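Peer 1: My questions all concern the structure below.
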Amino acid sequence: MPDSTSLGTATRLLWVGSGDPPANLLQAVERRWELVAYDSRSPLAGQLAQTGLAVISIADYEQDPVRLGELLEQLACSPAAAIFMLPDGPTTCGAMLDRRGGQFLCVTRDAPADQLSAKLSAAAELQPAIVHLREELAAARQSGGSHHDRNGLAELDEQLRLASRLQLDFLPRRLPELGEVRFAALYHPAGWVSGDIYDVTRLDETHVGFYVADAVGHGMPAALLTMFIKKALQTKRIAGNSYQIIPPGASLQELNRDICDQQLPSCQFCTAVYCLVDVSSMTLTFSRAGHPEPILVRSSGAAEALTCPGSLLGAFDDAQYPSRQIQLAAGDRLVLYTDGLEGVFSRSADGRPPNLRKIFSASSGMSRQEVLLRITDRIQSAPPSAQREDDVTVLIMDIGRE
């Protein structure tokens, strides 16, 4: 069989979607391409490289735009061109694609077969150019042995080290203690810089605000967005001798507008969960923006994921972020984390992600420091073949525990 990623020889088409391919796609393919179903048990990047062309159903990502961001990263690192099948009307994922640009085309999911066929032909013509650019880039990297290039790489490495130290300076140096509330945090970038950020701030004598955010993507663009988040997220307004604590939903709404107003290029979106705890009443108020659900572990060991709707930050400037209030009690534990934590633990035999509620429930008798140390041990003891590609951040709040 010829190499499907060679110039002009793409003969296989990867279908990325749950269920069977739709009828219009089957008609559009006809006898020109061999349709291959995506295998969720194998890395997507490798399958994209093998076929060179892909059709992706956005329906599988409409409720999880973070997964779409990860898919776009894998697509950008592959020699493949892709067609995204979109629903009619505005969606968060559609907005991400509109602003991202790159090696893909879009079509509505109910497009006529002849229109879809034309899009496939255009993607097939685009794919050899992608391969050619990647080959030129690889050749440029291989010729990087000159003294000048080595100096350039050393300078880049030093700049990344400085950026890493600067990013660490944006994290809290000491986590506040207020009443019965105590915190502990784990921050583990996958590279020099991270797309994760967290903060814990004592707002007055009875309130503590804290959040975890995760910029979609990796590298320097994601790291720069975390620094913007740190400065832009407002938790308290001060006017003269008085102040007003900003509710979590309003904080995220203002942050979302700030990100949208920047009109950032590429796929600069982020997820976040912002919490406000009142130690006088032991109530927790929180809002989510497309972020993994916080896990509340009661003193009995029972664990639940705290649900609350909220779209990705940076997609729609008029997005709303509802809040939810939870009554806390002595012995309770709240865990905020970024989705990189799932990669630390093994998936089930059928490929499902790890059950983090069960994991944190089983560790409810441990101190928060011990929990984080065990997670760190798992990260550092992973074999080279299982190295992570995502940052890991975990923030634990305990009530009435030392």
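Peer 1: Could you tell me whether any residue of the range 67-81 is of a type outside the set (K, R), more than 23 Å from D350 (Cβ to Cβ) and over 23 Å from the mean Cα position of the chain (by Cα)?
Peer 2: no
Conditions tested, residue by residue: (1) closer than 25 Å to V66 by Cβ; (2) in contact with a Cys (Cβ under 9 Å, 6 or more places away or on another chain).
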| position | (1), (2) |
| --- | --- |
| Q320 | yes, no |
| L334 | yes, yes |
| I359 | yes, no |
| L372 | yes, no |
| D390 | yes, no |
| E402 | no, no |
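Peer 1: Sticking with this structure for a sec: How many residues does the range 251-283 hold that are modelled with pLDDT of 90 or more, among the aliphatic types (A, V, I, L, M) and surrounded by fewer than 18 Cβ atoms within 10 Å (Cβ to Cβ)?
Peer 2: 1
Peer 1: Give the residue that is nearest to Q268 (Cα to Cα), with candidates limited to residues of the range 226-242 that are surrounded by 12 or more Cβ atoms within 10 Å (Cβ to Cβ) and out of contact with any helix residue (DSSP H, G or I) (no Cβ under 9 Å at 6 or more places or on another chain).
Peer 2: If we filter the range 226-242 for residues that are surrounded by 12 or more Cβ atoms within 10 Å (Cβ to Cβ), which is where we start, we get 226-230, 232-236.
Next, from what is left, pick out any that are out of contact with any helix residue (DSSP H, G or I) (no Cβ under 9 Å at 6 or more places or on another chain): 230, 236.
Working: K230: 15, K236: 26 Å.
Only one residue fits best here, namely K230.
Peer 1: Could you tell me how many of the residues in the range 41-59 are over 18 Å from A111 (Cβ atoms) and either among the hydroxyl-bearing types (S, T, Y) or assigned to a helix (DSSP H, G or I) (or both)?
Peer 2: 9
Peer 1: Follow-up question, since we're still on this one. On the basis of being touching a strand residue (DSSP E or B) at 6+ places or on another chain (Cβ under 6 Å), modelled with pLDDT of 80 or more and under 27 Å from D214 (Cα atoms), does L86 make the cut? Spell out the reasoning first.
Peer 2: On the way: touching a strand residue (DSSP E or B) at 6+ places or on another chain (Cβ under 6 Å): yes; modelled with pLDDT of 80 or more: yes; under 27 Å from D214 (Cα atoms): yes.
Taking the combined requirement at face value, the residue satisfies it.
Peer 1: Also: Looking only at residues that are of a type in the set (G, A, S) and touching a residue at least 40 places away in the same chain (Cβ under 8 Å) in the range 208-221, which one is farthest from P247 (Cα to Cα)? Talk me through it step by step, then tell me what you get.
Peer 2: Taking the range 208-221 first, the residues of a type in the set (G, A, S) are 209, 213, 215, 217, 219.
Those left that are additionally touching a residue at least 40 places away in the same chain (Cβ under 8 Å): 209, 213, 215, 217.
Values: G209: 10, A213: 17, A215: 22, G217: 28 Å.
So the residue we want is G217.
Peer 1: Could I ask something else about it? If you take the residues of the range 167-207 that are outside any loop (DSSP other than H, G, I, E, B) and without any contact (Cβ under 8 Å) to a residue 40 or more places away in the chain, which of them is surrounded by the fewest Cβ atoms within 10 Å (Cβ to Cβ)? Don't jump to the end; show me each part of the working.
Peer 2: Taking the range 167-207 as the starting set, the residues that turn out to be outside any loop (DSSP other than H, G, I, E, B) are 167-169, 178, 181-188, 196-202, 207.
Still in the list and also without any contact (Cβ under 8 Å) to a residue 40 or more places away in the chain: 168-169, 199, 201-202.
Values: L168: 13, D169: 9, D199: 20, T201: 15, R202: 16.
Among those that are outside any loop (DSSP other than H, G, I, E, B) and without any contact (Cβ under 8 Å) to a residue 40 or more places away in the chain, it is D169.
Peer 1: Could you check, for the range 261-270, whether at least one of its residues is assigned by TED's automatic domain parsing to the domain that holds T226, under 26 Å from Q369 (Cα atoms) and not hydrophobic (A, V, I, L, M, F, W, C)?
Peer 2: First, the residues of the range 261-270 that are assigned by TED's automatic domain parsing to the domain that holds T226: 261-270.
Now restrict to residues that are under 26 Å from Q369 (Cα atoms): none.
No: the range 261-270 contains no residue that is assigned by TED's automatic domain parsing to the domain that holds T226, under 26 Å from Q369 (Cα atoms) and not hydrophobic (A, V, I, L, M, F, W, C).
Peer 1: Kindly indicate whether any position in the range 133-142 is at pLDDT 80 or above and exposed (fewer than 12 other Cβ atoms within 10 Å of the Cβ). I'd like the intermediate steps shown before the answer.
Peer 2: Taking the range 133-142 as the starting set, the residues that turn out to be at pLDDT 80 or above are none.
The answer is no, given that none of the residues of the range 133-142 is at pLDDT 80 or above and exposed (fewer than 12 other Cβ atoms within 10 Å of the Cβ).
Listed here are the residues, each with its yes/no results for (1) in contact with a strand residue (DSSP E or B) (Cβ under 7 Å, 6 or more places away or on another chain); (2) among the basic types (K, R); (3) more than 15 Å from L395 (Cβ to Cβ); (4) at pLDDT 90 or above.
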| position | (1), (2), (3), (4) |
| --- | --- |
| V335 | yes, no, no, yes |
| R347 | no, yes, yes, no |
| R352 | no, yes, yes, no |
| L356 | yes, no, no, yes |
| S361 | yes, no, yes, yes |
| G365 | no, no, yes, yes |
| R368 | yes, yes, no, yes |
| I375 | yes, no, no, yes |
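Peer 1: Do you know which residues across the range 225-257 are outside any helix (DSSP H, G or I) and within 19 Å of the chain's Cα centre (by Cα)? Walk me through it before giving the result.
Peer 2: Within the range 225-257, the first condition is being outside any helix (DSSP H, G or I), and the residues that meet it are 233-247.
Answer for the range 225-257, where residues must be outside any helix (DSSP H, G or I) and within 19 Å of the chain's Cα centre (by Cα): just L233.
Peer 1: Would you mention how many residues in the range 284-341 are touching a residue at least 12 places away in the same chain (Cβ under 8 Å), in a loop (DSSP other than H, G, I, E, B) and among the charged types (D, E, K, R)?
Peer 2: 4
Peer 1: If we scan the range 208-220, do we find a residue that is surrounded by fewer than 16 Cβ atoms within 10 Å (Cβ to Cβ), touching a Phe, Trp or Tyr at 6+ places or on another chain (Cβ under 8 Å), modelled with pLDDT of 90 or more and in a strand (DSSP E or B)?
Peer 2: no
The values are calculated or read from the model by the stated rules, or taken from the named source; none is laboratory data. Because the structure is a prediction, the values reported are computed rather than measured. Positions of Cβ are backbone-derived with ideal geometry, glycine not excepted, and every protein chain shown enters the neighbour counts.
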